[in-house]
Structure formats: C-alpha cells, structure tokens
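To start, the structure under review is shown below, and the notes come after it.
The values are calculated or read from the model by the stated rules, or taken from the named source; none is laboratory data. It should be emphasised that the depicted structure is a prediction, and the values quoted were computed from it without experimental measurement. Here the Cβ positions follow ideal geometry from the backbone for every residue, glycine too, while neighbour counts run over all protein chains shown. With ligands, DNA and RNA removed, areas are computed over all heavy atoms of the protein, side chains included. Shrake-Rupley method; radii C 1.70, N 1.55, O 1.52, S 1.80 Å.
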Amino acid sequence: MTLKAPYDPDNIFARILRGDIPAVKVWEDDHVLAFMDVFPQSEGHVLVISKSSTARTLLDIEPDVLARLTAAVQRTARAAEKALKPDGFQIMQFNGEAGGQTVFHLHFHVIPRWSDRPMKGHGHAPMADAEALRVLADRIAAALE
Ligand code: AMP
C-alpha cells in the first residue's frame, strides 16, 4: 500500500468501529477508541484510533483530530504506567507498507516495556488469549484519570 491510496472502509479497524468484529476495549469516548492489540508485542500493548477520521496515515489527519488522538494516547499511556508499572514505554506509529504499517486506519501503539523483558517484533508476536487481554484492559481502564 502506498502512502496515497484511498481509505478502505472495510479495513479491520473500521470494522471494529462498526461493531462488525470484536475488540477488547480499554476505553472510548465520542472521538477515540483504545483497545488491546491482539498480537501484543509486550504486555499491555494498546492501540488508539480516531472514531471519526478516515486518515490512513499521519499525513492525512486533520490537526484538531490529531490533537484529540494524541491526548488520548497520553491518557492511555498514563493509565498503563499506573496499572502495570513498566520501566518504560514506546509510542509507535507506522505509515505506509514500506513504513511497517499493516492496517490502514491511522493508529498509535502504546507499548509498555520492562528492562528485563525483550519486546516481540512488529508483526511477529503470537495472538494473545482474549481473557488475558480483558484482564489487562480492565486493569488499565481502572487506572484512567
Ligand atoms: P500496524 O502494523 O502499525 O498497522 O499495526 C496494526 C496492529 O494491529 C498490529 O500490531 C496488529 O497486531 C494489530 N491488529 C491486527 N488485527 C487486530 C485486531 N483484530 N484487533 C486488535 N489488533 C489487531
């Protein structure tokens, strides 16, 4: 996928937003949704997306929508830090196939990191158990401010 292709309304995150396929939600409001990555690169790996924007990449998104989205990323990271007590965390965001992107609805990854635990590679992590993800999502959600 090039950087310039049109938005596909049937991409997997659009289908999650429509409720066509399930997701383990952490929190949402009218503008954003935070949900667990089903192939977590580290414990507590959360994805944060806009509900309204059809931006595929960072190049496409309206600045005011991006501002809300990045505030949601920070809120999610703060809750994950409080709940899971990682040593650090990574915010990742990929653009275009050549940039490592696999789902073409703009999203940010919030990935807690521990000094003694290697992170799994992007696109190389096994699928997580849905119940285990629900437990983590609930812990993170309970720490939201
Ligand atoms: P990216 O490669 O940056 O486009 O990230 C897409 C992310 O979506 C990857 O980390 C995948 O593990 C994750 N992913 C793919 N399908 C799903 C799904 N159905 N629910 C949650 N996360 C997903």
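Key figures
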| read-out | value |
| --- | --- |
| Accessible surface of the chain [probe 1.4 Å, protein heavy atoms]: carbon and sulfur percent | 55 percent |
| ³J(HN,Hα) computed for each position of region 13-30 - Karplus, 6.51 cos²θ - 1.76 cosθ + 1.60, integer Hz, glycine/proline x | 6, 5, 5, 4, 4, 6, x, 6, 10, x, 9, 8, 7, 9, 7, 7, 9, 5 |
| Burial order of peptide ranges 2-13, 48-59 (average beta-carbon count within 10 Å, highest first) | 48-59, 2-13 |
| Gained length - Asp116 relative to Asp20, 0.36 nm times residue gap less alpha-carbon distance | 30.8 nm |
| Calculated from backbone phi, Karplus (6.51, -1.76, 1.60) coupling profile of region 75-82 in Hz, x at Gly/Pro | 4, 5, 5, 4, 5, 5, 5, 5 |
| Debye-sum result for the chain in log10 I(q)/I(0), which assumes one identical scatterer on each alpha carbon, at q = 0.10, 0.13, 0.18, 0.20 Å⁻¹ | -0.31, -0.54, -1.07, -1.32 |
| Extended-chain gain in nm, criterion 0.36 nm per residue less alpha-carbon gap, Ala98 and Glu145 | 13.3 nm |
| Estimated vicinal HN-Hα couplings, Hz - region 96-106 in sequence order (Karplus 6.51, -1.76, 1.60; Gly, Pro = x) | x, 4, 5, x, x, 6, 10, 10, 9, 10, 2 |
| Percentage, to the nearest whole number, of Cα pairs in region 2-65 over 18 Å apart | 41 percent |
| Cα centroid separation - region 85-133 against region 33-83, whole Å | 11 Å |
| Under-5 Å amide H pairs with Phe108, H placed in peptide plane, nonlocal only | Val48 |
| Nonlocal amide H pairs with Thr54, under 5 Å, H built at 1.01 Å | none |
